[in-house]
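One structure below.
The values are calculated or read from the model by the stated rules, or taken from the named source; none is laboratory data. Just so it is clear, the structure is predicted and the values come from calculations on it, not from any experiment. Cβ sites come from the backbone with ideal geometry, for glycine too, and all protein chains shown count toward neighbours. For the accessible areas, the whole protein counts, side chains as well, though only heavy atoms, and no ligand, DNA or RNA atoms are used. Shrake-Rupley method; radii C 1.70, N 1.55, O 1.52, S 1.80 Å.
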Amino acid sequence: MDMRERVDAALKDAMRSKEADRLSTLRLINAAIKDKDIALRGTDDEDAGVSNGDVLAIMGRMVKQRHESARAYEEGGRLELAEKERSEIKVIEEFLPKQLSEDEATKAVDDAIAEVGADSIRDMGKVMGALKAKYTGRMDFGKAGPMVKSRLG
């Protein structure tokens, strides 16, 4: 079952069980996927549609946005809104694969550097491309970038 089908099935379950908060978050995920569908219209990728990798990337961005929002709400003393963001994160993360641990991420970076034969900072883009191809949705690329840079620099 692909990601879109899993989200649709969860959406229907949430409707049946009248889980309003969960339903709201699932609708946000669906809307983001449909936005990507619309963005692909009229491009060369139109036939392919939104892939599972695209859906994982969308959900990864959604989680990151909610972490930032929760942090901002906490700093502003709006704890109830921060908690709402965290509950949305939990719903979204149900669909994401397990995140790599620090050690696994380090090994993945080392493997990617070896795979592309990177030997200088100019090869950073190739390394990041290889990581994104393999670990989309499982790795925080904001942390991976500096890791790659420190190994190549």
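Data table
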| read-out | value |
| --- | --- |
| Peptides ranked, highest mean first, by Cβ atoms within 10 Å: ranges 63-73, 98-108 | 63-73, 98-108 |
| Whole-number percent relative contact order across the range 15-134, with pairs defined as alpha carbons under 8 Å at least 6 apart | 20 percent |
| The range 1-129, accessible surface, carbon-and-sulfur percent (1.4 angstrom probe) | 49 percent |
| Exceeding the 30 Å Cα-Cα cut-off - candidates K36/K84; K18/K143; K12/K36; K12/K126; K36/K134 | K18/K143; K12/K126 |
| Kyte-Doolittle mean at least 0.0 and Cα axial length at least 24 Å: DSSP H helices in the chain | 20-40 |
| Estimated dipole of the chain in Debye, rounded to 20 [Cβ of Lys and Arg +1, of Asp and Glu -1, Cα centre] | 240 debye |
| Three-way shape call for the chain based on the alpha-carbon gyration tensor, with the a/c threshold at 1.5 | oblate |
| Two-decimal Rg to Rh for the range 13-91 - Kirkwood Rh, Cα set | 1.08 |
| Calculated log₁₀ intensity ratio I(q)/I(0) where the Debye formula runs over C-alpha points of the range 78-146, q = 0.25, 0.29 Å⁻¹ | -1.06, -1.27 |
